[in-house]
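The block underneath contains the structure these notes are about, expressed in structure tokens.
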Amino acid sequence: MKKTLLVFALTAFAVVGAHADDTLAKIKASGSISLGVRDSSALSYTLGNDKYVGFHTEMAERIIGDLSKQVGKKLDIKYTLVTSQNRIPLVQNGTVDLECGSTTNNAARQKDVDFAYTTYVEVVRIAVRANSGIKSIKDLNGRTVATTTGTTSVQTLRKNERAQGIDFKEVYGKDHADSFLLLESGRADAFVMDGSILAANISRAKNPADFKIVGEELSVEPIACMVRKDDPAFLKAVDDSIARQIKDGSLPKLYHKWFEEPIPPANRSLNMPATDATKAAWANPNNKPMEDYAKK
Amino acid sequence: MSSWDWAVYCRDTVSGEQVAGCFAAAPDQTYLQWMLHAWGWTVTVSLGALLVALVFGSVVGVLRTLPNKPWLVRLGDAWVELFRNIPLLVQIFIWYYVVPAIFPVTQNVPPTLLVVVGLGLFTSARIAEQLRSGIQALPRGQRYAGMALGLTTPQYYRFVLLPMAYRIIMPPLTSESMNIFKNSAVAFTVSIPELTQFYYQAGEETARQVEIYLGVLALYILSALVVNRVMVVIERRLRVPGFIATGGAGGH
């Protein structure tokens, strides 16, 4: 019985491993493209009722507009909700053709997928309750720190803990909303995560003034759209569209719309002007992994 | 998919470098050490919850079969309906977020204890139901025989009904004990760093989802199998010759 199960599981993984190679031909033939989106990231989130919005979601819709021109027919967008855990397998097995959520481009992932040009550079920061008196990572000694399972922040936190010789208790939320709830309910003193995610969660809190983002930049991470590995034609088509959007100024405008103006659902602004790192990525389009940023 | 990379378990969790012998000295940790640590959490939560479930399940199961005590029977019924009809995940969230908000004293209770209680009480409703059916499966004459001998209600439950009822329900009790190990994965949702949490996090960090998944799977199977074997041994030891058919081995 157990042996059968194991064989079944292995077969399932083998099937997952198989994938089509030419995405452009595939989307042309089917007339539709599967776009991977997220439910509660700052760059890509849902308003419910299968409506997906956000900076990266809208940027992806424009990329698909350009792809439509390239394949010569209007592509139907199929929105596919992905999570931190399943996004890479889903891109690999062909369920998702283009994933534009909040995926960090790092060397480990580059073995499994290809990344388009970096369109947003994320910095990992610390969110705390405004009255907690925590100002930097050193103040976290002896405190409880929340972060989200399945993100790079967990490793960042562990590295900082070791390097700075401080000791804190880690608790892992199952998703960002859960981690923020840990902070809000007092089960954690701090929430370490991507700055944009912290800002988005704080803006959605009952009383945003109760929270603030403090401390040094714990890690700098390039965020980019993800495509299947070894499909240079499709990658180039996506990259060309991003380069076009940067060149004609529509991408910075789109950034302004999603980060500096009131956005749904709460109609509050994230108040996050583009950082120098993000602007540098636009000025010089590249798909360097996170490891290259750390060297600087 | 690309070839297997089982050496992933010997990597250091901070530097990502291979550690000779697979066990790093503190404070360093390899993924193997992390997984065993996570397994420890799974076992702790499961065994703790099993203990809570057996104690409360037994009491409530007995309450539901008491003669001439309609209010105690109703209390037992309400207990079972309450804990059986609310999804486990919702119950865990209520214990973790809602109870501390209503009763501030519970704020300092360790999360592990809340999960053990939550999972234990959920399972207690199922065990109570099984024990009730076990007691009711006995011929009514047994109860009357106990009464006729002049035993008090606690006495005839203790010496006549329960010893036989527990023997009858050993097979479903085995399933329930194995279920509790599998259900313990909900502890992940309230930040207990157990096996499922390890799978999500380590898989993400190492990008070797399949190897990590199979390792975690093996530990779950091993845990459930050990529980199964222990229960089978207990069942054999306690068997009363001629009372229950001796054909079934109690396995699944």
> Comparing B:Gly61, B:Gly134, B:Gly146, which has the greatest mean-square fluctuation in the GNM of chain B with Cα pairs linked when under 10 Å apart?
Replying inline: B:Gly146
> All other residues with a Cβ under 15 Å from the Cβ of B:Asn85 taken together, and with Lys, Arg as +1 and Asp, Glu as -1, what is their net charge?
Replying inline: -1
>> If I model a spin label at A:Leu47 and B:Leu138 as a point 7 Å from the Cα along the Cα→Cβ vector, what separation in nanometres do I get?
In response: 6.5
> Structure shown: which of A:Lys229/A:Lys288; A:Lys28/A:Lys236; A:Lys229/A:Lys253 lie over 27 Å apart, alpha-carbon to alpha-carbon?
Replying inline: A:Lys229/A:Lys253
> Across peptide B:199-210, how many C-beta atoms of other chains are within 10 Å of each residue C-beta, on average?
Replying inline: 6
> Which residues in the stretch A:211-242 have a backbone N closer than 15 Å to a point placed 7 Å from the Cα of A:Ser136 along the Cα-to-Cβ line?
Replying inline: A:214-219
> Looking only at A:Thr275, A:Thr80, A:Thr104, which one moves most when chain A is put into a Gaussian network model with springs between Cα atoms under 10 Å?
Replying inline: A:Thr275
> Say R0 is 45 Å: what FRET efficiency, to the nearest 0.05, do A:Asn271 and A:Ser32 get from their beta-carbon distance?
Replying inline: 0.75
>> Amide H of A:Ser34 versus every other amide H placed in the peptide plane: which residues, excluding those fewer than 5 positions away on the same chain, fall under 5 Å?
In response: A:Lys78, A:Asp97, A:Leu98
>> As I understand it, the dipole of the protein assembly as shown uses +1 on the Cβ of Lys and Arg and -1 on the Cβ of Asp and Glu, about the Cα centre. Which of A:Asn287, B:Thr174, B:Leu32 lies farthest toward its positive end?
In response: B:Thr174
> If one computes the Cα centroid of the stretch B:188-225 and of the stretch B:61-78, what distance in Å separates the two points?
Replying inline: 41
> So what are the ³J(HN,Hα) numbers for the stretch A:165-176, from phi and the Karplus equation (6.51, -1.76, 1.60; θ = phi - 60°), rounded to whole Hz, Gly and Pro as x?
Replying inline: x, 10, 10, 9, 8, 9, 10, 10, x, 7, 8, 5
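Tally Lys/Arg at +1 and Asp/Glu at -1 over every other residue whose Cβ is under 13 Å from the Cβ of B:Leu162; what's the total?
Working: positive: B:Arg132, B:Arg143, B:Arg158, B:Arg167; negative: none.
Around B:Leu162, the surrounding residues sum to +4.
Loop-only check: which trypsin sites (Lys or Arg not before Pro) in the stretch A:55-105 are DSSP coil with at most 12 other Cβ within 10 angstrom?
A:Lys73, A:Lys74
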> For the modelled label position 7 Å from the Cα of B:Phe243 along Cα-to-Cβ, which residues of the stretch B:136-162 have backbone nitrogen atoms closer than 17 Å?
Replying inline: B:136-147, B:155-162
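Using a cut-off of 10 Å between beta-carbons, work out the net charge of the residues near A:Thr103 (Lys and Arg +1, Asp and Glu -1, A:Thr103 not included). Don't skip to the end; give the middle numbers.
Details: positive: A:Arg38, A:Arg87, A:Arg109; negative: A:Glu99, A:Glu221.
Here the count lands on +1.
With viscosity set to 0.890 mPa s and temperature to 25 °C, compute the Stokes-Einstein D of the stretch B:118-252, Rh being the Kirkwood radius across alpha carbon pairs; µm²/s, no decimals. Walk me through the numbers before you get to the answer.
Numbers: Rh = 17.6 Å.
The estimated diffusion coefficient comes to 139 µm²/s.
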>> Need one number: nm distance between label points at A:Asp39 and B:Asn108, each 7 Å from Cα along Cα→Cβ, rounded to one decimal.
In response: 3.6
> For the protein assembly as shown, with only Lys/Arg (+1) and Asp/Glu (-1) charged at the beta-carbon, what is the dipole magnitude about the Cα centre, in debye rounded to 20?
Replying inline: 1940
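Counting only helical runs of four or more DSSP H residues, what would the 222 nm mean residue ellipticity of chain A come to if each run contributes -39,500 (n - 2.57) and the total is spread over all its residues? Please list the in-between numbers first.
Working: 12 runs with 122 residues, N = 296.
Theoretical 222 nm ellipticity from helices: -12000 deg cm²/dmol.
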> Under a straight-distance cross-link criterion of Cα-Cα below 24 Å, which lysines are reachable from A:Lys174, leaving out those fewer than 8 residues away in the same chain?
Replying inline: A:Lys51, A:Lys159, A:Lys206, A:Lys212, B:Lys182
> Can you give the calculated 222 nm mean residue ellipticity of chain B, where each DSSP H run of n ≥ 4 adds -39,500 (n - 2.57) and the sum is split over every residue, rounded to the nearest 500 deg cm²/dmol?
Replying inline: -21000 deg cm²/dmol
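Can you classify the stretch B:11-238 as rounded, prolate or oblate using the Cα gyration tensor, where a ≥ b ≥ c are the square roots of its eigenvalues, rounded means a/c under 1.5, and otherwise it's prolate if a/b beats b/c and oblate if not? Display every interim value, and only then the final one.
Values: a/c = 3.31, a/b = 1.96, b/c = 1.69.
It comes out prolate by the Cα gyration axes.
Read-outs: derived from the displayed coordinates by stated rules, not from any lab. Quantities reported herein were computed from a predicted structural model and do not represent experimental measurements. Cβ atoms come from the backbone with ideal geometry, glycine included; neighbour counts cover every protein chain shown.
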